[in-house]
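Q: One structure, as structure tokens, below. Some questions next.
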Amino acid sequence: MDEIAADGVDLTAFINGQEWHVAWYPPPDPPPGTPHGAEAVCGVPGDRIVVVSRDGEQWGLPAGRPEGREQWVDTMRREVREEACAEVRECRLLGFSRGVCVRGPQEGLVLVRSMWRAEVRLDAWEPQYEMAHRRLLPAEEVFRFLTIPSGLGPFYRRLLAEAEADVAGG
């Protein structure tokens with residue numbers, strides 16, 4: 001079985017030339033750090049997941065930073081609308097990521113992001129923001145399709161496992 005992130009256990013990731021220690025934290029309370037937005041596994045009927053891309057080559061889940069004093073859920077809803085052209089119908093907080101920059105220009109920075117499962121209704125694909133592509137994938141293909149930073153495979157396996165358990169009622 002592939003490795004999956006455990007609660008609070010750091011994974012070493014290299015993102016934009018910097019070294020980060022990233023860990024999964026279960027809900028309901030976020031770990032200490034600066035709120036850094038939301039990311040969502042967006043499901044549509046037929047057990048399909050929405051992925052988005054700027055360039056059609058690197059794919060990810062809808063995600064982004066808060067605007068103003070947005071709450072976690074409001075950031076997630078806005079980012080899903082902007083990046084995936086979709087409306088969140090139902091959602092559930094799955095957990096949090098906490099990243100600590102340990103080497104690089106942002107050394108010492110601690111960022112926290114909320115991680116969600118959202119059931120969405122797709123709107124017409126009329127991108128107006130940074131994402132230029134949207135695809136629907138069978139849930140079992142999402143992990144292989146995502147562009148995942150080096151070292152974060154176990155984190156994304158955990159996120160997708162939590163999202164799948166949520167759908168199954170677990």
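The values are calculated or read from the model by the stated rules, or taken from the named source; none is laboratory data. All figures in this text were calculated on a predicted structure; none of them were measured in a lab. Neighbour counts are summed over all protein chains in view; Cβ atoms, including those assigned to glycine, are modelled from backbone coordinates with ideal geometry. Ligands, DNA and RNA are stripped out before the accessible areas are found, and what is left, the full protein with its side chains, is counted by its heavy atoms. Shrake-Rupley method; radii C 1.70, N 1.55, O 1.52, S 1.80 Å.
Q: Taking residue 163 and the conditions (1) open to solvent by 40 Å² or more (accessible area, probe 1.4 Å); (2) over 15 Å from residue 84 (Cα atoms), which numbered condition does it fall short on, given that it satisfies the others?
A: (1)
Q: To continue, here is another question. List the number of the failed condition for residue 37; all other conditions in (1) in contact with a Lys or Arg (Cβ under 7 Å, 6 or more places away or on another chain); (2) of a type outside the set (Phe, Trp, Tyr); (3) on the phi < 0 side of the Ramachandran plot hold.
A: Checking residue 37 against (1) in contact with a Lys or Arg (Cβ under 7 Å, 6 or more places away or on another chain); (2) of a type outside the set (Phe, Trp, Tyr); (3) on the phi < 0 side of the Ramachandran plot, the one that fails is (3).
Q: Somewhere in the range 105-121, is a residue over 20 Å from residue 11 (Cα atoms), of a type in the set (A, V, I, L, M) and open to solvent by 30 Å² or more (accessible area, probe 1.4 Å)?
A: No: zero hits.
Q: Quick one: would you say residue 135 is more than 29 Å from residue 21 (Cα to Cα), touching a residue at least 40 places away in the same chain (Cβ under 8 Å) and under 17 Å from the mean Cα position of the chain (by Cα)?
A: It is true that residue 135 is more than 29 Å from residue 21 (Cα to Cα), touching a residue at least 40 places away in the same chain (Cβ under 8 Å) and under 17 Å from the mean Cα position of the chain (by Cα).
Q: While we're on this one: Would you confirm, using the coordinates I've provided, whether residue 126 is in contact with a strand residue (DSSP E or B) (Cβ under 8 Å, 6 or more places away or on another chain), of a type outside the set (Ser, Thr, Tyr) and closer than 17 Å to residue 51 by Cα?
A: Considered against the rule, which asks whether it is in contact with a strand residue (DSSP E or B) (Cβ under 8 Å, 6 or more places away or on another chain), of a type outside the set (Ser, Thr, Tyr) and closer than 17 Å to residue 51 by Cα, residue 126 comes out as no.
Q: Go through the range 67-101 and report how many residues are open to solvent by 50 Å² or more (accessible area, probe 1.4 Å) and touching a residue at least 60 places away in the same chain (Cβ under 8 Å).
A: Matching residues across the range 67-101 total 2.
Q: List the number of the failed condition for residue 145; all other conditions in (1) surrounded by fewer than 17 Cβ atoms within 10 Å (Cβ to Cβ); (2) under 16 Å from the mean Cα position of the chain (by Cα); (3) at pLDDT below 95 hold.
A: Condition (3) is where residue 145 drops out.
Q: Related question: Residue under question is residue 81, and the condition is that it be modelled with pLDDT of 95 or more and out of contact with any helix residue (DSSP H, G or I) (no Cβ under 7 Å at 6 or more places or on another chain); does it hold?
A: So residue 81 fits the description; yes.
Q: So which residues in the range 1-34 are touching a Leu at 6+ places or on another chain (Cβ under 8 Å), open to solvent by 40 Å² or more (accessible area, probe 1.4 Å) and in a strand (DSSP E or B)?
A: Once the filter is applied, which keeps residues that are touching a Leu at 6+ places or on another chain (Cβ under 8 Å), open to solvent by 40 Å² or more (accessible area, probe 1.4 Å) and in a strand (DSSP E or B), the range 1-34 yields 21, 34.
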